[in-house]
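Student: Dumping the structure here so I can ask a few things about it.
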Amino acid sequence: MKLVAAIIKPFKLDDVREALSDIGVTGITVAEVKGFGRQKGHTELYRGAEYVVDFLPKIKIDIAIDDAQLDSVIEAISVAAKTGKIGDGKIFVYDLLQSIRIRTGEMGSEAL
């Protein structure tokens with residue numbers, strides 16, 4: 001089992017969710033986060049004063065999947081989240097040692 005964590009632009013969330021649904025992903029966890037990468041934030045004007053926004057709003061998606069789904073999930077996220085501009089995000093893949101469905105007690109892949 002794998003845990004896929006993707007950091008994407010907020011306005012791409014619906015596109016990514018639809019792409020994951022199309023390939024059979026049944027559940028995702030979404031969180032609003034802030035951060036920066038190579039773009040290092042940006043400057044904005046507010047009432048005539050310029051200030052630096054260091055941390056940009058992003059969306060973090062966590063998806064627990066079987067190993068067999070890994071390539072299709074990465075492809076779906078990559079295609080749906082891509083704008084071609086800086087700040088499109090990143091995808092991280094972690095080994096998932098165990099999963100347990102609390103309601104039924106199912107373990108491993110059956111719990112996903």
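Student: Looking at T83, T29, which is the one that is hydroxyl-bearing (S, T, Y), under 13 Å from the mean Cα position of the chain (by Cα) and either surrounded by fewer than 14 Cβ atoms within 10 Å (Cβ to Cβ) or more than 19 Å from L13 (Cβ to Cβ) (or both)?
Tutor: Every option except T29 fails the conditions.
Student: Now for a different question. Against the definition (on the phi > 0 side of the Ramachandran plot and assigned to a loop (DSSP other than H, G, I, E, B)), how does G37 come out, yes or no?
Tutor: Here the answer is no, as G37 does not meet what is asked.
Student: Condition first: in a helix (DSSP H, G or I) and without any contact (Cβ under 8 Å) to a residue 12 or more places away in the chain. Now tell me which residues in region 71-98 satisfy that.
Tutor: Listed by number, the residues that qualify are D71, E75.
Student: From (1) outside any helix (DSSP H, G or I); (2) within 18 Å of I91 (Cβ to Cβ); (3) open to solvent by 50 Å² or more (accessible area, probe 1.4 Å); (4) at pLDDT 85 or above, pick out the condition that doesn't hold for A5.
Tutor: It fails just one condition, (3).
Student: Give Y51, Y94 a once-over and let me know the one that is modelled with pLDDT under 95 and open to solvent by 50 Å² or more (accessible area, probe 1.4 Å).
Tutor: When all the criteria are applied, what remains is Y51.
Student: Return yes or no: is E106 of a type outside the set (A, V, I, L, M, F, W, C) and either open to solvent by less than 100 Å² (accessible area, probe 1.4 Å) or over 15 Å from V4 (Cα atoms) (or both)?
Tutor: Answer is yes for this residue.
The values are calculated or read from the model by the stated rules, or taken from the named source; none is laboratory data. Bear in mind the structure is a predicted one, so any value in this text is a computation, not a measurement. FYI the Cβ positions are ideal-geometry reconstructions off the backbone, even for glycines, and counts take in every protein chain you see. For the accessible areas, the whole protein counts, side chains as well, though only heavy atoms, and no ligand, DNA or RNA atoms are used. Shrake-Rupley method; radii C 1.70, N 1.55, O 1.52, S 1.80 Å.
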